[in-house]
Structures are given as structure tokens and as C-alpha cells.
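A.B. asks: Have a look at this one before I ask anything.
The values are calculated or read from the model by the stated rules, or taken from the named source; none is laboratory data. In this text the structure is predicted, and so the values were computed from the model without any measurement. Backbone-built Cβ (ideal geometry, glycine too); neighbour counts: all protein chains shown.
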Amino acid sequence: MKLAILGGSFNPVHIGHLVLADTVLSTLGYDRVILIPTYQSPFKQGAIGGSPQDRLDMLAASIPGDPRLTMDDCEIKRKGVSYTVDTIADIMTRYRPEGKLGLVLGDDLAGSFLAWKRASEIIDQVDIIIAQRITAGAERFPYPHKRLNNAIIEISSAVLRERIRNHGNWRYLVPAGARTIIEERKLYGYFPLEVGAPVISAGPGVWGLISGVEAAVRTTVSFSRFLHSRNTALLSWDLCRRFGLDPQAGYLAGIAHDICKSLGDAEMLNWAQMDGKDIDAIERKKPSLLHGRAAAVVLENRFNIHDEAILEAVRLHTTGDRGMGPLAKVVYIADKLEISRDDLAPGIRELRETADLDRLFAAVLEETVGYLRSQALDISEGTLRLFETVHKRNSR
Ligand SMILES: [Fe+2]
Ligand SMILES: [Fe+2]
């Protein structure tokens, strides 16, 4: 997959960022753009505004259901001053892009590029893409690069912050999801002028449904769990495309699979048993094992999703079981191999890019069971049944 990265403070994210990412995707042949909020820019220390978590949340809320865009919290997790050279190394290790990584730079930054930490290494490692910002084409850039012929949107986060504080024109320059967060958390000095501000609801169609489920996940689980869910959705999308399955179904199952992860034990049991199946002794002892079953019930009852392949994928993602369909295998794999899991064995990482579905599934299952055994953890009956079947098939 061809990847490009677009860093920034995203304080707040605005339509200029998204239009820019969209232009990189549609004109330069990249498959995905990774938006990376800085923890602290070496050039903008002490900038005021949203906390790192607010900035991440606003980004997450701005791109629901779009598999061509993603975000990564590596700079925020790393803390301290964010250097691009460190980010490039991290992204290369975890994402393993096809060909050179693209690095999008506004032409307003091009002039100071040589002052960046280890700038000459960056030039060797990535394809630099110079985008037009407010000062179109103002800076010369004497190193190899591509110029992006993007529309100039005369808006900056600093101007937006000012307008939010002063009740100026900002609402439609910020994606709807980010706008809701600014209003709810009263960021940048926002305060409502009228009572009963409008609520943003999901639109019609599959994307509307996906956006609704994604918003529910974003607001009910921790941010790291949300990021895991979104990365699972993206990897499910990618794997579905590779294996000839419906990518939207993969995305939906992936984004939803952990929607019940934060429920308490009693509530978990309540939801799970609504599917009419038995609850075994291990599950009763540890109801969190039922979060997949509970999620399938929630999707059916709260979101009106009746596609059996999607429900099965969500229901079985934790334990698996004999006779799982291809979509369920994809989500099971994606849950364990998504990009924010940096503890993957290199062999598995290799398989993630190349193996066919059954081979990849068998490898992930083997790894999971091996891990559970090494930690002396309980293994559910479904997992054991599945392991025996796959093992038998492979040893024939
Ligand atoms: Fe899970
Ligand atoms: Fe998960």
C-alpha cells in the first residue's frame, strides 16, 4: 500500500487539511494518508488550544468511515518535541509502506526545512510533496520533490481559534464531527449563543450507518480502544479487498467489534444472553469474554443490522469457532494484527502482507493459542474446537 503522511498541530483540524489529503490521494496515486498530530512542534512551542487528546478526538471524529484516511498517535504517545525523522522511522517499521513514504509539506514550511532535525536523512528516506498553502509557491525548495497542485483554502487553525472565541465564521470550515467536539467541550473559548444547538446525526445509506456506529464506538470506549477499533476496521477493509469480500462489511464489523468492551459484568451478561445461546463456565467466570456476543446483539437491536456475516464476525472475534465464514476470519485476523500492535512477531507481519486467507488465519490462531498457553490463561471451548479443526487440516 502506498502511504503518505501529513503532520500538523490540527488545533483544530479544518477542511483545508482534509481537502489537502484528498488531493494527495486523488492526484498522486497514494492509497492512504496518515494524519499525525504533533505533541509539540519544534517551531510552535507553547501554542494554545486543545489538549493532545482533544486534537486526536477531533481528527477521529472528522474522518469516520473513510478508509483512505487514518490518524496515528505516535507523536503524542512519544511526548516531548516531535521530530519528523523519528516519526518516519516509526511509521516505516509499523506500516511497511510499498515504495517510498510520501511526506506532505506546506510550502510555508519549505523555507525552514534545512533547520529540521536530520533534514538530509529525511530527503533520502521519503518522497517530499510540496503543497500550496496560503503563500502559494512562495518558497524555493532545492531538493527533489513533487509539487501538489492543490486548491488553496485560505484558512488556518490560528484564524479559526480566533473566530471561535469571537463568534466569527468558523462552523462550516471545520468537519462536522470536530465541530461537535468543540461545542461540547467548549474549546478555544467557545460558548453557545443559543440554547439547543443542533445535533449532528448520521446520514442515510451505508456510510450513514457506518458513521453512526463509529460515533457510538468513539464515545463509549477509551480513545486507545477506539483507535484499535478504527485500525481493525481499516485492516478488515484492506483484507476484504484482497480476498474478494465486501470491504464495507469488513469496515463495519471491524469498527463495531469492541463496541461493548467497556460494559460492566452484569450488563455484558444481559446483552450476551439475548442471543439465546448457552453461556459456559469460563464465560460466566469472566464475562468480558462475551463482549463479541454482546456487540452482535447490540448491532442487531440498536442499529438494525441483520447481515449474518457481519454479526458472526463481531460475535466470534474474541474466541473464534469451527465453521467461521471468511468475513469472520478477516475480522479475527485484523483484531490481532492491526497496525497499532507493535508487538507483532516479524514473521506474522510478513504474512499480513502476502499470505492467503486460510494460511494467515491459521498462523494468527496458532500464535494466539500459543500465547494463551504460555500465560496459563483459560482457553474457551470455541477456540479449542477451532484450533483442533485447523490443526488437523494443516497436518494432513
Ligand atoms: Fe475484542
Ligand atoms: Fe479488539
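A.B. asks: Among (1) surrounded by 22 or more Cβ atoms within 10 Å (Cβ to Cβ); (2) modelled with pLDDT under 95; (3) in contact with a Leu (Cβ under 6 Å, 6 or more places away or on another chain), there is one condition Ala296 misses while meeting the rest; what is its number?
C.D. replies: (2)
A.B. asks: While we're on this one: Mind checking which pairs have a first residue in region 34-57 that is more than 20 Å from Arg94 (Cβ to Cβ) and in the same structural domain as Asp108 (by TED's automatic domain parsing) and a second that is at pLDDT 90 or above and of a type in the set (Asp, Glu), Cβ under 9 Å, 6 or more apart or different chains?
C.D. replies: Correct list of pairs: Gln40/Glu75; Gly50/Asp57.
A.B. asks: A follow-up question, please. What's the total number of residues in region 299-334 that are at pLDDT 95 or above and in contact with a Ser or Thr (Cβ under 7 Å, 6 or more places away or on another chain)?
C.D. replies: Qualifying residue count, region 299-334: 3.
A.B. asks: Under 9 Å between Cβ atoms, which residue pairs at least 6 apart in sequence (or on different chains) link something in region 309-323 that is within 13 Å of Phe387 (Cβ to Cβ) with a partner that is within 11 Å of ligand 1 (Cβ to nearest atom) and of a type in the set (A, V, I, L, M)?
C.D. replies: Close Cβ pairs satisfying both conditions: Thr319/Leu289.
A.B. asks: On to the next question. Of the residues that sit in region 207-230 and are under 20 Å from Pro247 (Cα atoms) and among the aliphatic types (A, V, I, L, M), which one is modelled with the lowest pLDDT?
C.D. replies: Going through the qualifying residues, I end up with Leu209.
A.B. asks: Restricting attention to region 202-231, and to residues there that are touching a residue at least 24 places away in the same chain (Cβ under 8 Å) and part of a loop (DSSP other than H, G, I, E, B), which single residue is farthest from ligand 1 (Cβ to nearest atom)?
C.D. replies: My answer is Ser222.
A quick yes/no check of all residues on (1) over 16 Å from Leu311 (Cα atoms); (2) charged (D, E, K, R); (3) within 15 Å of ligand 2 (Cβ to nearest atom):
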site: Gly208; (1), (2), (3): yes, no, no
site: Thr220; (1), (2), (3): yes, no, yes
site: Phe223; (1), (2), (3): yes, no, yes
site: Asn231; (1), (2), (3): yes, no, yes
site: Ala253; (1), (2), (3): no, no, yes
site: Asn270; (1), (2), (3): yes, no, no
site: Gln273; (1), (2), (3): no, no, no
site: Lys277; (1), (2), (3): no, yes, no
site: Ala281; (1), (2), (3): yes, no, no
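A.B. asks: Mind telling me which of the residues Leu327, Leu289, Leu316, Leu299 ends up being within 16 Å of ligand 2 (Cβ to nearest atom) and touching an Asp or Glu at 6+ places or on another chain (Cβ under 6 Å)?
C.D. replies: Leu289
A.B. asks: Another question, then. Can you name the residue in region 310-345 that is more than 15 Å from ligand 1 (Cβ to nearest atom) and within 17 Å of the chain's Cα centre (by Cα) and is also farthest from Trp237 (Cα to Cα) among such residues?
C.D. replies: Once the filter is applied, the top-ranked residue is Asp342.
A.B. asks: Among all residue pairs at least 6 apart or on different chains, which show Cβ distances below 8 Å where the first residue, located in region 8-30, is under 21 Å from Thr87 (Cα atoms) and the second is of a type in the set (Ser, Thr, Tyr) and not in a helix (DSSP H, G or I)?
C.D. replies: Sorted first by the residue in region 8-30, then by its partner, the pairs are Gly8/Thr38; Ser9/Thr38; Ser9/Ser41; Val24/Tyr30.
A.B. asks: Sticking with this one: For region 231-267, which positions are among the hydrophobic types (A, V, I, L, M, F, W, C), within 20 Å of Ala294 (Cα to Cα) and either under 19 Å from the mean Cα position of the chain (by Cα) or at pLDDT 95 or above (or both)?
C.D. replies: Correct list: Ala233, Ala249, Leu252, Ala253, Ile255, Ala256, Ile259, Cys260.
A.B. asks: Further, regarding this structure: Does Gly250 satisfy the criteria of being within 16 Å of ligand 1 (Cβ to nearest atom), within 17 Å of Ser211 (Cα to Cα) and not basic (Lys, Arg)? Walk me through how you get there before you give the answer.
C.D. replies: Working: within 16 Å of ligand 1 (Cβ to nearest atom): yes; within 17 Å of Ser211 (Cα to Cα): yes; not basic (Lys, Arg): yes.
In short, yes.
A.B. asks: Got a sec? Which of Glu121, Glu139 is of a type in the set (Asp, Glu), at pLDDT below 95 and farther than 22 Å from Gln40 by Cβ?
C.D. replies: Of Glu121, Glu139, the one residue that is of a type in the set (Asp, Glu), at pLDDT below 95 and farther than 22 Å from Gln40 by Cβ is Glu139.
A.B. asks: Select from region 232-262 the residues that are assigned to a loop (DSSP other than H, G, I, E, B) and aliphatic (A, V, I, L, M) and write down the one among them that is surrounded by the most Cβ atoms within 10 Å (Cβ to Cβ).
C.D. replies: Checked region 232-262; the qualifying residue surrounded by the most Cβ atoms within 10 Å (Cβ to Cβ) is Ile259.
A.B. asks: Can we say Asp258 is touching a residue at least 40 places away in the same chain (Cβ under 8 Å), away from ligand 1 (no atom under 13 Å from the Cβ) and acidic (Asp, Glu)?
C.D. replies: no
A.B. asks: If you check Val390 against the conditions, is it of a type in the set (Val, Ile, Thr), outside any loop (DSSP other than H, G, I, E, B), over 24 Å from Ala233 (Cβ atoms) and touching a helix residue (DSSP H, G or I) at 6+ places or on another chain (Cβ under 9 Å)?
C.D. replies: Values: of a type in the set (Val, Ile, Thr): yes; outside any loop (DSSP other than H, G, I, E, B): yes; over 24 Å from Ala233 (Cβ atoms): yes; touching a helix residue (DSSP H, G or I) at 6+ places or on another chain (Cβ under 9 Å): yes.
The answer is yes for Val390.
A.B. asks: So, in region 261-291, how many residues would count as being among the polar types (S, T, N, Q) and within 16 Å of ligand 1 (Cβ to nearest atom)?
C.D. replies: Count: 2.
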